[in-house]
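These notes are about the structure you will find just below.
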Amino acid sequence: MAPRPDRRSIVGGLAAMAFASPARAAWPERAITIVHGFAAGGNADVVARIVADALQRATGFSFIVEIRSGAGGTIAATQVARAAPDGYTLAILPGGHAVAAAMYRQLAYRSVEDFTMISMVTDFPFVLATNSEHRIRSFADLLVAGREAPEPLLWASAGNGTGQHLSGELLASMGRLSMRHVPYRGGSQSTLDLLAGRIDLIMDTPTVLLEQIRDGKLRALAVTGARRFYALPDTPTISEAGLPGYETSSWLGLAGPAGLPPDIAARLNAGVATILADPTVIEKLRALGSLASPTSGQAFRDRVVSDIEKWTKVVADANIERL
């Protein structure tokens, strides 16, 4: 009796079949490069490598991750927007792609029209947290303190014009809270200052905050998503904790230049959907604080458009100076 195939071999076979379209059998003939614009070892880099490795194992084709860091990911986005639409240059775009469209007065590319959106890859909320010794013990305490304290609460994000920043501005606006933004470059120094009591609150990704929360050094007050986060099941959403209708999350997605042939885009979309059904890949992403979130190309495009509209309104309402 022949051995029963395991889940991984089935997933790999399905992904290989997705790439084996006779309509464009010559593609790919060489390595496919996945570009992103952030530091080595960061969330975007790790996710890009998980995707590249999984696709390579599943299809037998070569995938290379290239880092073009700087300017909040816009350098990498520019490179991909200007690349030939032949399926050999792709991008891992972050949720900050939509934020940049709202924050920058001028970009070297059009944030929607110059890309072929292939599929979302991950989705994750931000976490609002404070020092475990802080007087604010719950989101309800924050609402009181933010409305009644004589001085504004100091809250940190990963920098001006980030998703964390605009999520905090939306919180302050909807909650009518007196809060002063303190921008940092990344999450490590802001976390240290929060632990030292130099700031009151932080809005950041689960990747940055989960270890300190689990160690009891930080207290998670709420998460920004539409539903509770699997890694913090006892932490309410901001909406259920006192601000109905509040919801933000971020994402990473796979895209190519505008004009990518539809059959190549479809084959890439099918490959991503297949690897994101692999339990090994799902668990790797969950360990980063992210949910595997495959979509159609159109659904991904719609999400980008929707987020640009949301963040543009937040920037205008908060009178944030555009860059």
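The values are calculated or read from the model by the stated rules, or taken from the named source; none is laboratory data. Predicted model, so just to flag it, every value in this text is computed and none were measured. Please note: Cβ atoms are built from the backbone with ideal geometry, for glycine as well, and neighbour counts cover all protein chains shown.
The table that follows gives values for the structure above.
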{"read-out": "Qualifying residue in region 270-281 (condition: without any contact (Cβ under 8 Å) to a residue 60 or more places away in the chain and among the hydrophobic types (A, V, I, L, M, F, W, C))", "value": "no"}
{"read-out": "Residue among GLN56, GLN79, GLN106 that is surrounded by fewer than 18 Cβ atoms within 10 Å (Cβ to Cβ) and touching a strand residue (DSSP E or B) at 6+ places or on another chain (Cβ under 7 Å)", "value": "GLN56"}
{"read-out": "In region 201-211, the residues that are more than 16 Å from SER167 (Cβ to Cβ) and buried (at least 20 other Cβ atoms within 10 Å of the Cβ)", "value": "LEU210"}
{"read-out": "One residue from PRO150, PRO183 being surrounded by fewer than 15 Cβ atoms within 10 Å (Cβ to Cβ) and over 22 Å from the mean Cα position of the chain (by Cα)", "value": "PRO150"}
{"read-out": "Evaluation of ALA231 against (1) in a helix (DSSP H, G or I); (2) in contact with a helix residue (DSSP H, G or I) (Cβ under 7 Å, 6 or more places away or on another chain) (one fails), failing number", "value": "(1)"}
{"read-out": "Given (1) out of contact with any strand residue (DSSP E or B) (no Cβ under 7 Å at 6 or more places or on another chain); (2) on the phi > 0 side of the Ramachandran plot; (3) surrounded by 18 or more Cβ atoms within 10 Å (Cβ to Cβ), number of the condition GLY289 does not satisfy", "value": "(1)"}
{"read-out": "Matching option when the condition is surrounded by fewer than 18 Cβ atoms within 10 Å (Cβ to Cβ) and in contact with a helix residue (DSSP H, G or I) (Cβ under 8 Å, 6 or more places away or on another chain), among GLY259, GLY253, GLY245, GLY297", "value": "GLY245"}
{"read-out": "Residue ID - nearest to LEU254 (Cα to Cα), chosen from residues in region 276-289 that are at pLDDT 95 or above and in contact with a Pro (Cβ under 9 Å, 6 or more places away or on another chain)", "value": "LEU276"}
{"read-out": "Residue within region 125-147 that is closer than 20 Å to MET103 by Cα, surrounded by 18 or more Cβ atoms within 10 Å (Cβ to Cβ) and over 18 Å from the mean Cα position of the chain (by Cα) present", "value": "no"}
{"read-out": "Residue satisfying condition, being over 19 Å from TRP251 (Cα atoms) and in the same structural domain as ILE275 (by TED's automatic domain parsing), within set ILE50, ILE75, ILE67, ILE32", "value": "ILE32"}
{"read-out": "Options ALA226, ALA265; residue that is modelled with pLDDT of 95 or more, outside any loop (DSSP other than H, G, I, E, B) and aliphatic (A, V, I, L, M)", "value": "ALA265"}
{"read-out": "Those residues of region 230-242 which are hydrophobic (A, V, I, L, M, F, W, C) and either in the same structural domain as ARG110 (by TED's automatic domain parsing) or out of contact with any Gly (no Cβ under 8 Å at 6 or more places or on another chain) (or both), in sequence order", "value": "LEU232, ILE238, ALA241"}
{"read-out": "Positions within region 277-323 being in a loop (DSSP other than H, G, I, E, B) and farther than 30 Å from LEU171 by Cβ, in sequence order", "value": "ALA277, ASP278, SER296"}
{"read-out": "Residue satisfying condition, being buried (at least 21 other Cβ atoms within 10 Å of the Cβ) and at pLDDT 65 or above, within set VAL11, VAL35", "value": "VAL35"}
